[in-house]
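Worksheet: one structure, shown below.
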Amino acid sequence: MTLSAILIGNESLTAECGKLWLDRGHAIAAVVTRDPRVADWAAGLGLSVHAPGAELGARLGAALADWVLSVANLSLVPEDLLARAGQGGVNFHDGPLPAYAGLNAPVWAILNGEARYGITWHLMTAGIDEGEVLATRAFEIASDDTAFTLNARCFTAALESFPEVIGALEAGGHPRRPQEAGARHLWRRADRPSAAARLDFALPAEQVLRLVRALDHAGYRNPLAVPKIAVGDRMLAVGAAEAAEGAGAPGTVLEATPAGLVVACGTGAVRLARLSDMGGKPACPSTLGVAQLPSPGAEEAARLDAALAPVAEGEARMRRLLLAPEPVEIGGPPAAAADWRALPLALDGIAPARLTLAALRAAGRLSGDIGWSSGASPAPGYATDWVPLRLAAAGPLGPAEAEAARGIEAARAAGGVAADLALREPGLAALAPPALTVSLGDGPVTGTAVTLTCGAAPTLWHDAARLSPELAQAFAGRLVRVARALAAGPDTDLTELAVLSAEEERTLSGALAATARDYDRGQTIPGAILAEAARRPAHPAVIAGGTRIGYGDLVARAARIAHVLRGMGVGRGTPVGLACPRGAGMIAGALGIQMAGGAYVPMDPAYPADRLELYAADSGCPVIVTETAAEAALPPGPARLVLDADARLADAPTTPPADGPGAEDMAYLIYTSGSTGRPKGVM
């Protein structure tokens, strides 16, 4: 008897179990994944591949199956998807049930000092990890197990036991048995170790070491926290720890050398190594000049847990925004020392949501990310005093303002971003606030170029080391002008607002008129840029924040991209997806696609997964040019050229292909909203 399955998951285990299922002679009706490796494996076998997200049911069409197999899938399976399985669903859980239901179970088991652990294959029900059991495997937790090694052992146990699961499914889901008796604990996504994983030296050394091991993910994504210590007014991350000789009052620093800090515990001592600040900058233990490390008492731990609970609840949303940013740039790069100046704004009683939209339009943008601050960090040192806020300021004011208000409410609820997030999330740089930030506080947010405070006396704070007083005054004028225009009512069209003053319009119109000249209708964009690079290769071609790239460098980068794309089958007229965060890489990618003869297809990484999947499928693009920060958002199917990770680029020629595009070739294919609601591609 041949069975069919819908396979859901986002790890290599998903594909490995899929292989075992196919090797047994069964079929896979569809694969649902956001992981590029799983998608590539499935597409290589000709399987139907879909990204999770909105309209998944519609995208699956009439696909039905005997079973849904949820393997390394950390999200709830939608009821309508589970309903497609005639016999039911099976979930792999990386922990023993019922004591370790939910998420991050291996971490909690090590933290709790468990001696044994295991994995469970169970039937899916409406409850989380509550169904009857098809197969289990149990094993001892070793004294040196970390979150990484225990997860690896779960992987091995899952593969070893999956044939038993297949046998049970071939028999209609039998044998099955109830979960073992015992207390049930559901570990939630937002659960965190106490006191943000700050080490408590009043505990025995073994418990201190256990916390470090439990949070050691060996460089892979750490969804919880990094172990940390307080050194004066700084928080330092602890990268490694081991038992050490010595004794003293808890927290006493017994030794400080480049090899680490030896610290006395309630019993025994530990050596703490690979110290760094929250931005990842190494901190040499021998230079810290610290004799005692404080431990968080019960009262402080409870205070931190309460303050950081909303931060943990909002982390998934903030993480998505930070990994695929659309920064609104204003001012230059941060200077060594800020020079804050205040400009009062002639705005009375403006609502925060309206102020954020006015600020976005005054900056010349219809969408993008600014910062939001509720005025202070919920836990200084442990969380930022800002969060990213994504805005859209196009179309009627009413809906845009309502959406901005919802975003602000989510930002206020979160309060901040965990200070250690950049240490836990591969691909995320050190946390820095957006250049333009709106705050409920009375003063500027450190690290911004412009902070707008929206209290009783709205004020524009600007760092004169990044934005000159003249430019700040001009920005303030635009902001006030736009905000007053918005008072016309909810039907005001944000897109059509006049941002510039009449004087600015005249100045710019005159400047534009002075540039008028005839042009060669046979010229191409790559050809024009190549000519400019030949004339003045060092002259800035791209300015993105603090990054400046000359024409010569831009051409060399784009040429490398073009040659690699040619090797991937791109030629004249080929549509190629372009899914890069706004910056120099996006410009080089667009130019490289055109040098190869192709036409770029803008694919904003911030768009919903189903929208990007439609763009890729409708355009038929065989390749998507992207960067690491945006790769996870992309649909499966097309090949990828990851500009900041693909080794082929380093060896590619720096001169463009000789047979580039002609003036008659398509330059880009862009999708616009259509009257039917389905975006249409315009060539």
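The values are calculated or read from the model by the stated rules, or taken from the named source; none is laboratory data. Since the structure is predicted, the reported quantities are computational estimates derived from the model, not experimental observations. No Cβ is skipped: glycine too gets one built from the backbone with ideal geometry, and neighbour counts run over all protein chains shown. Accessible surface is based on the protein model in full, side chains and every heavy atom, while ligands, DNA and RNA are left aside. Shrake-Rupley method; radii C 1.70, N 1.55, O 1.52, S 1.80 Å.
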The summed charge of the Thr448 Cβ neighbourhood (under 11 Å; Lys/Arg +1, Asp/Glu -1) stands at -1
Between Glu255 and Ala516, the two model label points (7 Å from Cα along the beta-carbon direction) sit apart by a distance in nm of 8.0 nm
Ranking Asp442, Asp369, Asp493 from most to least accessible area with a 1.4 Å probe gives Asp442, Asp493, Asp369
Expressed as a whole-number percentage, the relative contact order of the chain with C-alpha contacts under 8 angstrom and at least six residues apart is 10 percent
Checked against the positive end of the charge dipole of the chain (+1 on Cβ of Lys and Arg, -1 on Cβ of Asp and Glu, about the Cα centre), the farthest of Leu641, Leu97, Ala85 is Leu641
Note, the stretch 375-388: 3J(HN,Hα) by Karplus (6.51, -1.76, 1.60, θ = phi - 60°), whole Hz, Gly/Pro = x, goes x, 7, 5, x, 7, x, x, 9, 8, 6, 9, 8, 9, x
The ³J(HN,Hα) series, computed from each phi in the stretch 110-116 with the Karplus coefficients 6.51, -1.76 and 1.60 at θ = phi - 60°, rounded to the nearest Hz and given as x for glycine or proline, is 5, 4, 7, x, 5, 8, 10
Farthest towards the positive end of the dipole of the stretch 89-215, among Asn151, Pro204, Tyr117 and with Cβ unit charges of +1 on Lys and Arg and -1 on Asp and Glu, lies the Cα of Pro204
For the stretch 19-172, percent of DSSP beta bridges that are antiparallel (nearest 5) comes out at 60 percent
Stretched fully, the stretch from Ala402 through Glu245 gains (0.36 nm per residue minus C-alpha distance, one decimal, in nm) 50.5 nm
With -39,500 (n - 2.57) per DSSP H segment of 4 or more residues and division by the full residue count of the chain, the 222 nm estimate, nearest 500 deg cm²/dmol, is -9500 deg cm²/dmol
Counting Lys and Arg as +1 and Asp and Glu as -1 over every other residue whose Cβ sits under 14 Å from the Cβ of Arg466, the net charge comes to -3
Packing-ranked peptide list from 302-315, 511-524, highest mean Cβ count within 10 angstrom first, is 302-315, 511-524
Relative contact order in percent for the stretch 570-669 (Cα pairs under 8 Å, 6+ apart) equals 36 percent
Yeah, the stretch 320-409 with a ≥ b ≥ c from its alpha-carbon gyration tensor (a/c under 1.5 is rounded, else prolate when a/b outruns b/c, oblate otherwise) is rounded
If unit charges are put on Cβ atoms (+1 for Lys and Arg, -1 for Asp and Glu) and the dipole of the chain is taken about its Cα centre, the option from Val290, Ala338, Ala559 lying farthest towards the positive end turns out to be Ala559
Carbon and sulfur atoms account, in whole percent of the 1.4 Å probe accessible area of the stretch 1-155, for 55 percent
Using alpha carbon centers only, the stretch 630-683 is separated from the stretch 481-521 by a whole-angstrom value of 31 Å
What the Cα atoms of the stretch 15-58 span along the principal axes, largest first and in whole Å, is 32, 20, 16
Carbon and sulfur atoms account, in whole percent of the 1.4 Å probe accessible area of the stretch 327-424, for 57 percent
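For the chain, what is the percent of antiparallel DSSP beta bridges, rounded to the nearest 5?
Percent antiparallel among DSSP bridges in the chain is about 60.
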Check: C-alpha center the stretch 235-279 vs C-alpha center the stretch 113-130, spacing in Å is 36 Å
Where a ≥ b ≥ c are root eigenvalues of the Cα gyration tensor, a/c under 1.5 meaning rounded, otherwise prolate if a/b exceeds b/c and oblate otherwise, the stretch 90-204 counts as prolate
Inter-part gap, Cα centre of the stretch 280-321 to Cα centre of the stretch 442-465, in whole angstrom, is 27 Å
With every protein chain kept in place and a 1.4 Å probe, the residues Leu423, Leu471 fall, from largest accessible area down, as Leu471, Leu423
Scalar couplings 3J(HN,Hα) for the stretch 210-218 by Karplus 6.51 cos²θ - 1.76 cosθ + 1.60 (θ = phi - 60°), nearest whole Hz, x for Gly and Pro, are 4, 4, 5, 5, 5, 9, 8, 9, 6
For Ala419, other-chain or 5+-apart residues with amide H closer than 5 Å (H placed, Pro excluded) are Ala383, Thr384
Applying the gyration tensor rule to the Cα atoms of the chain (axes a ≥ b ≥ c; rounded if a/c under 1.5, else prolate if a/b exceeds b/c, else oblate), the class is oblate
Probe 1.4 Å, heavy atoms of protein chains only: per residue, the accessible area of the chain in Å² is 44 Å²
Counting only DSSP loop positions in the stretch 447-550, the GluC sites (Glu not before Pro) whose Cβ has at most 14 other Cβ atoms within 10 Å are Glu496
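With +1 assigned to the C-beta of every Lys and Arg and -1 to the C-beta of every Asp and Glu, and no other charges, what is the dipole magnitude of the chain about the Cα centre in debye, to the nearest 20?
That gives a dipole near 800 debye.
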Carbon plus sulfur, as percent of the 1.4 Å-probe accessible area of the stretch 564-683, comes to 54 percent
Summing +1 per Lys or Arg and -1 per Asp or Glu among the other residues with Cβ less than 14 Å from Val107's Cβ gives +3
With all protein chains in place and a 1.4 Å probe, Cys154 shows an accessible area in Å² (nearest 10) of 0 Å²
The relative contact order of the stretch 35-193, taking Cα pairs under 8 Å that sit 6 or more residues apart, comes to a percentage of 21 percent
The lysines whose Cα lies under 26 Å from the Cα of Lys228, excluding any fewer than 8 residues away in the same chain, are Lys281
